[in-house]
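Colleague: Shown below is the structure under consideration.
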Amino acid sequence: MVGRLLARGMVAGIVAALLTFVFAKLFGEPQVALAIAFESAQDAAAGIAPEPELVSRSVQASYGLLTAVLMYGAAYGGAFAIVFALAYKRLNLSSPRVLALLLAGVGFLTFVLIPDLKYPPNPPAVGLEETIGLRTAMYFAMVGIAIAISMISLLVGRALVASLGRWNAALCGIALGLALVVLAQFGLPDINEVPGNFPAIVLWRFREAAIGMQLVMWSSLGLIFGALAEKLLQSPRAQAR
């Protein structure tokens, strides 16, 4: 059964990746092109020769982007299916679709929204080369903290079910998670390396597109996998087991 769920997870991830690719082409790539044009203009004004392209921009924006998104989707779909299989019997939810959407929502919050609120993605021309290591380390530290906060909130919520009831326990777990997120946001260092003359609208729309891509990926993955998993798990053959 786990193998069948894994296969369906990868299929759902690939379909979600295709939808994400369409979104990225429509909303993300135009902002990347504007940021690259800004960077090129800045280099030209400073008399800096453009670096040779190892991979052409047209390939990066088409086949390169599609390949990266498909690999990302297949990997996340497989991992999502494994987590779903582990949680399905333990959380005692009657509907596989509800569990899939719940896991997709938690995944989006943990791996995308919470880290991006502190260290949002930047387009080309934003950020200094000498701080790449620091920015990368801080981002993954925030991801690790977000995972820990999610686990703590879940454990506290489950521990309070017997005394407060499921609804109140869930609210307490969420409140604790929000408080810990605020502490983490203020505790980690800020990184502000946006050039003063960089177009604010390009930066804003790029970050909107980056969040939108992840939202399309996670929501599509939850919806598609939930439908596939429900059909599998509620089939007569699965019920007999």
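The values are calculated or read from the model by the stated rules, or taken from the named source; none is laboratory data. This is a predicted model, so every value here is computed, not measured. So basically every Cβ, Gly included, is an ideal-geometry build from the backbone, and we count neighbours across all protein chains shown. Only protein heavy atoms, including side chains, enter the accessible area calculation; ligands, DNA and RNA are left aside. Shrake-Rupley method; radii C 1.70, N 1.55, O 1.52, S 1.80 Å.
Colleague: Express the carbon and sulfur contribution to the solvent-accessible surface of region 73-118 as a percent, rounded to the nearest whole number, probe 1.4 angstrom.
Modeller: 70
Colleague: Still on this structure, I have one more. In square angstrom, rounded to the nearest 10, how much accessible surface does M213 have for a 1.4 Å probe?
Modeller: We get 50 Å² for M213.
Colleague: Also: ³J(HN,Hα) across region 115-130 via Karplus (A = 6.51, B = -1.76, C = 1.60, θ = phi - 60°), whole Hz, x for Gly/Pro?
Modeller: Those phi angles translate into x, 6, 5, 8, 10, x, x, 10, x, x, 6, 10, x, 9, 4, 6 Hz.
Colleague: Right, another one. Counting other Cβ atoms within 10 Å, keep those with at most 13, restrict to DSSP loop, and tell me which GluC sites (Glu not before Pro) in region 129-209 are left. Working shown, then result.
Modeller: Values: sites: E129, E130, E193, E208; in loops: E193.
For GluC sites (Glu not before Pro) across region 129-209 that sit outside H, G, I, E and B with at most 13 neighbouring Cβ atoms in 10 Å, the list reads E193.
Colleague: Toward the positive end of the charge dipole of region 43-191, about the Cα centre and with charges on Cβ (Lys, Arg +1; Asp, Glu -1), which of V143, L178, A44 goes farthest?
Modeller: Highest projection toward the positive end goes to L178.
Colleague: Report in % the part of the accessible area of region 125-238 that belongs to carbon and sulfur, leaving out ligands and nucleic acids; probe 1.4 Å.
Modeller: 70
Colleague: Let me ask something else. For region 73-87, just list the computed ³J(HN,Hα) in residue order, Karplus coefficients 6.51, -1.76 and 1.60, θ = phi - 60°, integers in Hz, with x standing in for Gly and Pro.
Modeller: Values, residue by residue: x, 5, 5, 5, x, x, 5, 4, 5, 5, 4, 4, 4, 5, 8 Hz.
Colleague: Hey, another quick one. Apply the Karplus curve 6.51 cos²θ - 1.76 cosθ + 1.60, θ = phi - 60°, to the phi angles in region 195-206 and return the couplings in whole Hz, x for Gly and Pro.
Modeller: Computed from phi, the couplings for region 195-206 are x, x, 9, 6, x, 4, 5, 5, 4, 5, 5, 4 Hz.
Colleague: Enter the angle in degrees (range 0 to 90, nearest 10) between the Cα long axis of helix 166-187 and the first principal axis of the Cα atoms of the chain, meaning the one along which they spread out most.
Modeller: Between the helix axis and the principal axis of the chain, the angle is about 20 degrees.
Colleague: Still on this structure: Could you compute how much accessible surface L155 exposes when probed at 1.4 Å, giving the result in Å² to the nearest 10?
Modeller: 110
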